[in-house]
1. One residue is enough: does the stretch 99-113 have a residue meeting the conditions among the aromatic types (Phe, Trp, Tyr) and within 21 Å of Asp176 (Cα to Cα)?
2. If I ask for residues that are touching a strand residue (DSSP E or B) at 6+ places or on another chain (Cβ under 6 Å) and either at positive phi or outside any loop (DSSP other than H, G, I, E, B) (or both), which ones from the stretch 4-35 would you list?
3. Looking at this structure, is Asp38 free of Cβ contacts under 8 Å to residues at least 60 places away in the same chain and more than 18 Å from the chain's Cα centre (by Cα)?
4. Of the residues Asp158, Asp142, only one is assigned to a loop (DSSP other than H, G, I, E, B) and either in contact with a Pro (Cβ under 8 Å, 6 or more places away or on another chain) or open to solvent by 70 Å² or more (accessible area, probe 1.4 Å) (or both); which?
5. Kindly provide the set of residues from the stretch 77-104 that are over 22 Å from Ala46 (Cα atoms) and in contact with a Gly (Cβ under 9 Å, 6 or more places away or on another chain), ordered by number.
6. I'm told Lys112 meets every condition in (1) open to solvent by 40 Å² or more (accessible area, probe 1.4 Å); (2) closer than 18 Å to Ala136 by Cβ; (3) among the charged types (D, E, K, R) except one. Can you identify the failing condition by its number?
7. Can you tell me which residue among Gly65, Gly42, Gly55 is open to solvent by less than 60 Å² (accessible area, probe 1.4 Å) and farther than 22 Å from Ile178 by Cα?
8. Does Glu96 satisfy the condition of being under 17 Å from Val59 (Cβ atoms) and open to solvent by 20 Å² or more (accessible area, probe 1.4 Å)?
Amino acid sequence: MSLQNLRIDRDWTLFLDRDGVINRRIVDGYVKSWDQFDFLPGVPEAMIKFHRVFGRIIVVSNQQGVGKGLMTLEEVKTIHSRMVAEIKLAGGQVDEVYFSPNLASDRSVMRKPNIGMALKARKQFPEIRFNRSVMAGDSLSDMMFGKRVGMKTVFISDDPALAKMNPRKIDFVFPDLISLAGEL
């Protein structure tokens, strides 16, 4: 099956992970300030295309650096504000950003792969239908998050071998967001 077979239109919602999908992931670290935030190549252009195709675009991100005391809630909110503003300036759109500041060990319902952020999004946007939603992320927890509520999942990775390890959780694989956008 290809993405085009899904007939994605303005009734669909795109959920996106942040680190490693929208911006460069800091290996063994955290993006703690806007100065450290670096859009991955093609992301602004992809966001324009997504805005034309999807009815809503939601970012869902685990940010346990807050729980570890490495950054504050306000610092994360500032990063997200700037990210949304830059995407809008480029011609794209992000309707909302949800994030979990919890540590993995907290087992919070808000932390992916748990579904709290998806439920929060649907509460804010009641028109969201998970069976008409796509979750794009670069980790197995992103894929599990999407599958647990019935979304189609897109694994963002330039290593196709990783996707083959969990074929039931991954519907599509693209190396980056601009490649995904090109298939819509």
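The values are calculated or read from the model by the stated rules, or taken from the named source; none is laboratory data. Note that the structure is a prediction, hence the values are computed from the model and not measured. Neighbour counts run over all protein chains shown; Cβ positions are idealised from the backbone, glycine included. Accessible surface is based on the protein model in full, side chains and every heavy atom, while ligands, DNA and RNA are left aside. Shrake-Rupley method; radii C 1.70, N 1.55, O 1.52, S 1.80 Å.
1. So in the stretch 99-113, the residues among the aromatic types (Phe, Trp, Tyr) come out as 99.
From the residues that got through so far, the ones that are within 21 Å of Asp176 (Cα to Cα) too are none.
Scanning the stretch 99-113 turns up no residue that is among the aromatic types (Phe, Trp, Tyr) and within 21 Å of Asp176 (Cα to Cα).
2. Thr13, Leu14, Phe15, Leu16, Asn23
3. When the stated conditions are applied, Asp38 does not pass them.
4. Details: Asp142 fails: assigned to a loop (DSSP other than H, G, I, E, B).
Exactly one residue qualifies, and that residue is Asp158.
5. Ser100, Pro101, Asn102, Leu103, Ala104
6. Exception for Lys112: condition (1).
7. Gly65
8. Yes: the conditions hold for Glu96.
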